[in-house]
Ligand SMILES: *Cc1c(COP(=O)(O)O)cnc(C)c1O
């Protein structure tokens, strides 16, 4: 129970149905559910609980995120996408069945040098063009041999890479990355992992043994039309309430800096959510919220705890009325586009101060 009527409602059933839809795009693959960054702001533990038994494994960014899941009783394998930072993580990874994505020669040095209590599952990340993490492609065979020689592996490594431009259907770099990784997998007789959400959604050639959908599980994407075609639905709806209403005369300024002035007599609602909750701060946005079955413009600078909305066309609105900030009617992808960012950023920035309320049938 909280006193402030602002919260993020998270529909776990829709997350599970989005996961199933993502699997149907590549029936021959296994699909890791990517739940890093607190499941893109949705809460890693509840999301893992709803998917456990359906998804064969989860993926997080680093070990601390994996430990939170184990402590909450999640038993499935958890792929740690950045591998380890220090050698002391290796023994814990082996004990806890964390799979480590090794991406650098330094990490392989650590594995060679460190005794571990039981065999470890490692994936090997290859840099095929993102130039962020991954060993050089021409070192693949040597690194695989070094891993084998440690005698510490539970199974042969999956070869993995990450796509840099999967949102752009016709970007020539996509085919180069796909071809390069497939060639390496053939040469080394290795299983393969490449596709993220955008690749899973629109680049069938990238589908392989293990796909790694993230944002699509949460109904977000840079591919708006395609999400709807697939039937993906939003999983987080952020709600707040009108906490004050005032009638302004023409020319009256709203908010810090007076960046917006009423062009005519206007009815303005103050809504109980702001950038301190994760709403994007902007002084001149085209952002809209949804109330009384209609859209309404956010006006003036967004404050830390509040924002102002022009409700001149909704005269029946009153204090205490519910306002959708994003969700069913205002897609998080749409809002992200209006403030020149991505749904990924808005979702992961939802602050802890905004309570999550979970819906599950
Ligand atoms: C985050 C991440 C994913 C998931 O990406 P989406 O675009 O959210 O589907 C997959 N693989 C790696 C290595 C990642 O870091």
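Only the coordinates and a few stated rules stand behind these numbers; no lab work does. In this text, all values refer to a predicted model and were calculated from it rather than measured experimentally. Because the Cβ atoms are built from the backbone with ideal geometry, glycine has one as well, and the counts that use them run over all protein chains shown.
Of 208, 303, how do they rank once you tally other Cβ atoms within 10 Å and put the fewest first?
Going from sparsest to densest Cβ surroundings: 303, 208.
Treat the stretch 124-219 as a sphere of radius equal to its Kirkwood radius over Cα pairs and apply Stokes-Einstein at 10 °C in a medium of 1.306 mPa s; give the translational diffusion coefficient in µm²/s, rounded to a whole number.
115
May I ask you to derive the relative contact order of the chain, considering only C-alpha pairs under 8 Å and at least 6 residues apart, and to give it as an integer percent?
After rounding, I find 18 percent.
With a bin width of 5 angstrom, please list the P(r) values of the stretch 43-132 as percents of all Cα-Cα pairs, from the 0 bin to the one holding the largest distance.
All Cα pairs, binned at 5 Å, distribute as 3, 15, 25, 23, 16, 11, 7, 1 percent.
Please report the antiparallel percentage of DSSP beta bridges with both residues in the chain, rounded to the nearest 5.
Close to 50 percent.
Can you tell me which of 108-116, 318-326, 62-70, 235-243 comes out highest on packing, and rank the rest after it, using the mean Cβ neighbours within 10 Å?
In decreasing order of mean packing, 108-116, 318-326, 62-70, 235-243 become 235-243, 62-70, 318-326, 108-116.
How many Å³ per residue does the convex hull of the Cα positions in the stretch 22-84 occupy?
86
Build a GNM of the chain with springs between Cα atoms under 10 Å: which of 317, 160, 172 gets the top mean-square fluctuation?
172
With an 8 Å Cα cut-off and a minimum separation of 6 or more residues, compute the relative contact order for the stretch 46-168 in percent.
Relative contact order, the stretch 46-168: 19 percent.
Of 154, 93, 44, which has the largest mean-square fluctuation in a 10 Å C-alpha GNM of the chain?
Looking only at 154, 93, 44, the largest GNM fluctuation is found for 154.
Pick from 350, 302, 142: which is most flexible by mean-square fluctuation in a GNM of the chain where alpha carbon atoms under 10 Å apart are linked?
With Cα springs under 10 Å in the chain, the top fluctuation among 350, 302, 142 is at 142.
Hey, what did the stretch 65-116 get for relative contact order, percent, Cα under 8 Å, at least 6 apart?
Computed over the stretch 65-116, the figure is 38 percent.
Rounded, prolate or oblate: which one fits the stretch 85-127, using the alpha carbon gyration tensor with axes a ≥ b ≥ c (rounded when a/c is under 1.5, else prolate when a/b beats b/c, else oblate)?
It is oblate, given that a/c is not under 1.5 and a/b is not larger than b/c.
How large are Rg and Dmax for the stretch 198-310 when calculated on the C-alpha trace, in angstrom?
Every Cα atom of the stretch 198-310 included, Rg and Dmax give 19.0, 63 Å.
For residue 149 paired with residue 294, estimate the spin-label separation in nm (one decimal), with each label point 7 Å from Cα along the Cα-to-Cβ line.
Spacing of the two 7 Å Cα→Cβ label points: 7.3 nm.
How large is the direction-averaged shadow of the alpha-carbon convex hull of the chain, in nm²?
So the Cα hull casts an average projection of 19.7 nm².
With a 10 Å radius around each residue's Cβ, average the other Cβ atoms per peptide and rank 49-55, 259-265, highest first.
49-55, 259-265
What shape does the stretch 169-208 have by the C-alpha gyration tensor, where a ≥ b ≥ c are the square roots of the eigenvalues, rounded means a/c under 1.5, and otherwise prolate means a/b greater than b/c and oblate the rest?
Judged from the Cα gyration tensor, the stretch 169-208 comes out oblate (a/c at least 1.5, b/c at or above a/b).
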